[in-house]
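I have placed the structure first, in the form of structure tokens, so that the comments after it can refer back to it.
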Amino acid sequence: MTHEEALARIARFPLADPAAALGQGLALINADFPELLLPHARRCAELHPASPRAHQLLGLAARACGESMIAHEAFAAAARIAPHDALIAHSRARTALEAGLPAAALFAAAATLAPQDGGVILGHAAALLHEARAAEGIALLDAALAANPLWVEGHRSRAAIAGQMGADPLESVATALAGHPRSDALHHCAIALALQARELARAAAAVEAARAALGSPGWLSLLAAHIASEAGALAEADAHFAAAGAPGDVNAAWMHARHLIRASRPEAAAALLEPRLATPDAGPLWPYVSLAWRMTGDARAGWLEGDPRLVGVYDIGLSPAELGALADHLRALHVTRDAPLDQSVRGGTQTDGNLLLRIEPAIRDLKARLLAIVERHVAQLPEPQAGHPTLPFARAPLRIAGSWSVRLTDAGFHKDHVHPQGWFSSALYVALPETLGRGGTGDHAGWLALGEERDLVPGLPPRRLIEPKPGRLVLFPSTMWHGTRPFPQGERLTVAFDIARPRQD
């Protein structure tokens, strides 16, 4: 659906018929036009206050726009009218969770209407984690997995919670594999979870167990290659990549390119990636082609990341007292022991869920300030350039794709990483230790480094080092490598978010 087609649908929107309006609204949401829909959905709910479908439509439109308070209020209204509707009950619980409200009881109620709904069970477990009841969440998932040991999403959710609480993230999938040793999906899950937990030896052992049960399918050779490369066994990785064959999708392509860059073969990495850069799903490839171009001295590296306007450094406009209050609020949201699986945090914790969907006044004020600065940053960007991942033609609407807080302590840091599914990423400094570097020669403890990947290319310098300061917001392209330098001691409390890449007609 094009923008013009969406406008045509809005022009004949069936406000008089809530059921028809819901159908039209779903089509607009699925085509990624919720901002066009929202005022009409609001009007539909006003015209039909006794219709659960009208309130459901408003809830769906608001949720797609990131308006979590409106979404939750709409689904609460729909649930009062239709208390036995399982989907509405689930949506009410889900929007409560996203808004930062107590949601475990709402998910429990939704489960009585749809006891076999996996989404309800996953949401219930997440709500229990948010309410500092992680053990209950794990027990809930254990019961569901005992009844359905092939439920891969359940294993992933359990691993995510268990890993953050200091427990073994692979426990349930290992138990399931003992009873279903020929399940491709379970073997793939076990290998992926071991990688996310950064346990390379365990991931390699999981590959061998899968090979003994399944033989050597292409996907297994690909994962074996990736694990060998990450472990530094480059010749072994070459053999596995050869066995896997030519990359058939974007995931295989970035894994192979990552290996080639680690093996100091940037020309081969560039040759592998460049023909794929025009595809719609090329986001994960750009960080690696950037490294390859910089390693070979290709001028396109400057075209991709060299314009200083791509990176912005701003002040959020909060006083020291306001920053202190925000820091206290954020600390209370850090309820886990360890960092999430498959994240860049080392020596700290990260909040669960989309932080900026929460409806506490402090978070709503913060979200408004951040989006206003993002709008300023986007307005000063260079002109659109065909084929450039950060300079598209369409630059609205501005939506937050994900957001979280990170609390690093003594010697904590972020490993160099990227957010290739986003458009712009960020770091907002809320509280900082006194042990940060002062910017002298080599004195950059705790600083943000942009444009380097020290694990893959240790000798490649950063494009920029940025000193953290309380209230400072840094915006940069999501495809740009970024990480932090360790600091000796103290607390480093930040908020980070990704801005979604706008749809391009």
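Below, the figures for the structure above:
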{"read-out": "Some residue of segment 337-359 being surrounded by 16 or more Cβ atoms within 10 Å (Cβ to Cβ), touching a helix residue (DSSP H, G or I) at 6+ places or on another chain (Cβ under 9 Å) and over 30 Å from H155 (Cβ atoms)", "value": "yes"}
{"read-out": "Neighbours by Cβ (under 7 Å, 6+ apart or cross-chain): first from segment 165-176, among the basic types (K, R); second assigned to a helix (DSSP H, G or I) and open to solvent by 50 Å² or more (accessible area, probe 1.4 Å)", "value": "none"}
{"read-out": "Which numbered condition D328 fails, given (1) assigned to a helix (DSSP H, G or I); (2) surrounded by 17 or more Cβ atoms within 10 Å (Cβ to Cβ)", "value": "(2)"}
{"read-out": "Top-ranked residue in segment 179-209 [being assigned to a helix (DSSP H, G or I) and touching a Pro at 6+ places or on another chain (Cβ under 9 Å); ranked as most open to solvent (accessible area, probe 1.4 Å)]", "value": "D184"}
{"read-out": "Residue within segment 404-418 that is surrounded by fewer than 17 Cβ atoms within 10 Å (Cβ to Cβ), among the hydroxyl-bearing types (S, T, Y), more than 21 Å from E67 (Cβ to Cβ) and in contact (Cβ under 8 Å) with a residue 60 or more places away in the chain present", "value": "yes"}
{"read-out": "Residues located in segment 216-235, provided they are part of a loop (DSSP other than H, G, I, E, B), open to solvent by less than 40 Å² (accessible area, probe 1.4 Å) and either hydrophobic (A, V, I, L, M, F, W, C) or at pLDDT 95 or above (or both)", "value": "A233"}
{"read-out": "Candidate set from segment 375-389 (those that are over 11 Å from R309 (Cβ atoms) and either part of a loop (DSSP other than H, G, I, E, B) or not acidic (D, E) (or both)); member that is most open to solvent (accessible area, probe 1.4 Å)", "value": "R376"}
{"read-out": "Filter result for the condition that a residue is among the aliphatic types (A, V, I, L, M), assigned to a loop (DSSP other than H, G, I, E, B) and closer than 17 Å to P468 by Cβ, over L323, L318", "value": "L318"}
{"read-out": "Close pairs (7 angstrom Cβ cut-off, 6 or more residues apart or separate chains): in contact (Cβ under 8 Å) with a residue 12 or more places away in the chain in segment 124-144, open to solvent by less than 30 Å² (accessible area, probe 1.4 Å) and not in a helix (DSSP H, G or I) anywhere", "value": "A127/A103"}
{"read-out": "Candidates G353, G312, G317, filtered to the one that is closer than 19 Å to G483 by Cβ and touching a residue at least 24 places away in the same chain (Cβ under 8 Å)", "value": "G312"}
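The values are calculated or read from the model by the stated rules, or taken from the named source; none is laboratory data. Fair warning: this is a prediction, and the values are worked out from it, not measured in the lab. Every residue, glycine as well, gets a Cβ built from its backbone with ideal geometry; the counts of neighbours run over all protein chains shown. Note: areas computed on protein heavy atoms with side chains; ligands, DNA, RNA excluded. Shrake-Rupley method; radii C 1.70, N 1.55, O 1.52, S 1.80 Å.
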